[in-house]
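Beneath this line is the structure, given in structure tokens, with notes to follow.
The values are calculated or read from the model by the stated rules, or taken from the named source; none is laboratory data. Treat the numbers as computed from the prediction; the structure is a model and nothing was measured. Counting neighbours? That spans all protein chains shown, and the Cβs are built from the backbone with ideal geometry, glycine included. Just so you know, the surface numbers come from the protein's heavy atoms only, side chains and all, with ligands and any DNA or RNA stripped out. Shrake-Rupley method; radii C 1.70, N 1.55, O 1.52, S 1.80 Å.
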Amino acid sequence: MASASTSKYNSHSLENESIKRTSRDGVNRDLTEAVPLLPGETLITDKEVIYICPFNGPIKGRVYITNYRLYLRSLETDSSLILDVPLGVISRIEKMGGATSRGENSYGLDITCKDMRNLRFALKQEGHSRRDMFEILTRYAFPLAHSLPLFAFLNEEKFNVDGWTVYNPVEEYRRQGLPNHHWRITFINKCYELCDTYPALLVVPYRASDDDLRRVATFRSRNRIPVLSWIHPENRTVIVRCSQPLVGMSGKRNKDDEKYLDVIRETNKQISKLTIYDARPSVNAVANKATGGGYESDDAYHNAELFFLDIHNIHVMRESLKKVKDIVYPNVEESHWLSSLESTHWLEHIKLVLTGAIQVADKVSSGKSSVLVHCSDGWDRTAQLTSLAMLMLDSFYRSIEGFEILVQKEWISFGHKFASRIGHGDKNHTDADRSPIFLQFIDCVWQMSKQFPTAFEFNEQFLIIILDHLYSCRFGTFLFNCESARERQKVTERTVSLWSLINSNKEKFKNPFYTKEINRVLYPVASMRHLELWVNYYIRWNPRIKQQQPNPVEQRYMELLALRDEYIKRLEELQLANSAKLSDPPTSPSSPSQMMPHVQTHF
């Protein structure tokens, strides 16, 4: 397998394939310049359309549909418009108008996207001209509904680095100083028999046997037992994650689970209580008892204290983002902007997630208590809280590769349901499982980067490209719901990692203001006054919202860094030349200052 992966990652990232195609008029047209193609990408069809641009009105163009993207190029001399939309971004395709529709541009297709935009194309009414386009788009935007592979399995891009090697769980736990006398690595889940949504490798208390873990699993939703995510390098308090206990309406207890939480607390002799943060509103946690779930009561867990963090569920978050889209696309709601934004509650949800993560980080950083985090199943709000708290506590995760490891570990390997939440290749746009949980996490990271502009090695573009490829299906990184499903589909062998793309061109994603600090804990201000809508992501499709790319301050800073490097190089050359002179027989200089050549700078 090693040799196979070596051969796959040895070249450049993007190739244009030259395609010649005979049009209906019999003329050979070279489409190389018309549409850029990735290795493995093939052109399916092209058609002349009218793109109903929400900002500039109707634009005549030619749309090219491949097995990966929809690509529109304007045919008008006064417009250089190009649309490049990965088909994975498409959420819904609807027919607009009918054969008898009257009115200009009233017949065509309406396309709803997952990345905060919609597309509308008008076609000629005669001869069912839109039928082919509708059927081809539906087939390739929703391949799973047509027994076709996702494009990631067809992608033949080659990079000079293999992103699949970024995360090695043993190495990451070793970096944290694990295993040690209190925590051990267990392979009880190596065949995913204990918990099919957990990774194969888990870190658990040294004093808990594998049989203990099996008994605890019966009392935790989806068998997602409490396991270690992160350990503090100095005070040795820990962040542990899991799912809700199966208490039910009758208030069931499980002695093994109670004992196990006590064992976790006792891994650090300095603390008397284990702090449990339940991400849900208390009302929801109580309601979950009716479906067999619940929370840790004081009666059963004497050495633990429980706090609810009031973060709402996936359905609330989905509706909130819909409202954001309503006020930013296609037109920004200018007249009542602040009240409209407030009515979406999006920033309020961001605030609650950040506030919860701050509480987790503060409890662990102070050494007052180890922390256990859960929501209902432990794969949505739990992942948000643990990963954000770890980002605040551990500066390693603020580097580019560190952040990639954080996402691989806390989100991908621990079973955030990416396939269900995003709906990769699935046509069921009304699926109640869809929710922007990972987007919300990335938004929280962006809010932190705004408040601490020198603390992160990566820039805004890094976060945006992660979100773009969350939907695109170009890479295997975010496909499927859990590690066991990825193993079955051989994702690391058959697809390319997003980290290959990013790590082969790291300079593009670097923050020029980054200052590496080892032990600094970040506590962002999670007040509504300090949070803002991420305009460069949510409103980026609107040409009237002027984006300054690249940021002029960043640009000037990069220029100054280049100038500094140039002067350092010149100084080194002069020092070398001078040392060569000094090694010659002395010619008795009149003063020591004459021995050093004068370096002139602009400063």
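Things worth noting here:
- Phe441 vs. criteria among the aromatic types (Phe, Trp, Tyr), in the same structural domain as Leu201 (by the TED database) and open to solvent by less than 10 Å² (accessible area, probe 1.4 Å): yes
- Neighbours by Cβ (under 7 Å, 6+ apart or cross-chain): first from the range 502-520, over 20 Å from Val166 (Cα atoms); second open to solvent by 40 Å² or more (accessible area, probe 1.4 Å) and in a helix (DSSP H, G or I): Pro512/Glu554; Pro512/Tyr557; Pro512/Met558; Pro512/Leu561; Phe513/Tyr557
- Note on the range 560-582: residues that are open to solvent by less than 90 Å² (accessible area, probe 1.4 Å) and either modelled with pLDDT under 80 or part of a loop (DSSP other than H, G, I, E, B) (or both) amount to 1.
- Identity of the residue in the range 127-181, within 24 Å of Thr430 (Cα to Cα) and among the polar types (S, T, N, Q), that ends up surrounded by the fewest Cβ atoms within 10 Å (Cβ to Cβ): Ser147
- Residue in the range 56-69 that is under 30 Å from Asp433 (Cβ atoms), surrounded by 15 or more Cβ atoms within 10 Å (Cβ to Cβ), aromatic (Phe, Trp, Tyr) and modelled with pLDDT of 90 or more present: yes
- Which numbered condition Arg29 fails, given (1) at pLDDT below 90; (2) not in a strand (DSSP E or B): (2)
- Residues that are under 25 Å from Arg241 (Cα atoms) and in a loop (DSSP other than H, G, I, E, B), drawn from the range 433-455: Asp433, Arg434, Ser435, Pro436
- Checking every residue in the range 188-199 against the condition of being of a type in the set (Asp, Glu), open to solvent by less than 20 Å² (accessible area, probe 1.4 Å) and within 26 Å of the chain's Cα centre (by Cα) gives zero matches.
- Residue within the range 379-402 that is touching a residue at least 60 places away in the same chain (Cβ under 8 Å), farther than 26 Å from Asn459 by Cα and either outside the structural domain of Gln440 (by the TED database) or in contact with a Phe, Trp or Tyr (Cβ under 8 Å, 6 or more places away or on another chain) (or both) present: yes
- Test: Cys473 is touching a residue at least 40 places away in the same chain (Cβ under 8 Å), buried (at least 20 other Cβ atoms within 10 Å of the Cβ) and on the phi > 0 side of the Ramachandran plot: yes
- Matching entry among Ser91, Ser80 (being among the hydroxyl-bearing types (Ser, Thr, Tyr), crowded, with 16+ Cβ neighbours inside 10 Å and either out of contact with any helix residue (DSSP H, G or I) (no Cβ under 6 Å at 6 or more places or on another chain) or modelled with pLDDT under 95 (or both)): Ser91
- Wholly within the range 33-110, strands (runs of 3 or more DSSP E) carrying at least 3 residues that are touching a Phe, Trp or Tyr at 6+ places or on another chain (Cβ under 8 Å), closer than 23 Å to Asp326 by Cα and not β-branched (Val, Ile, Thr): 82-86
- Residue within the range 240-255 that is within 30 Å of the chain's Cα centre (by Cα) and open to solvent by 10 Å² or more (accessible area, probe 1.4 Å) present: yes
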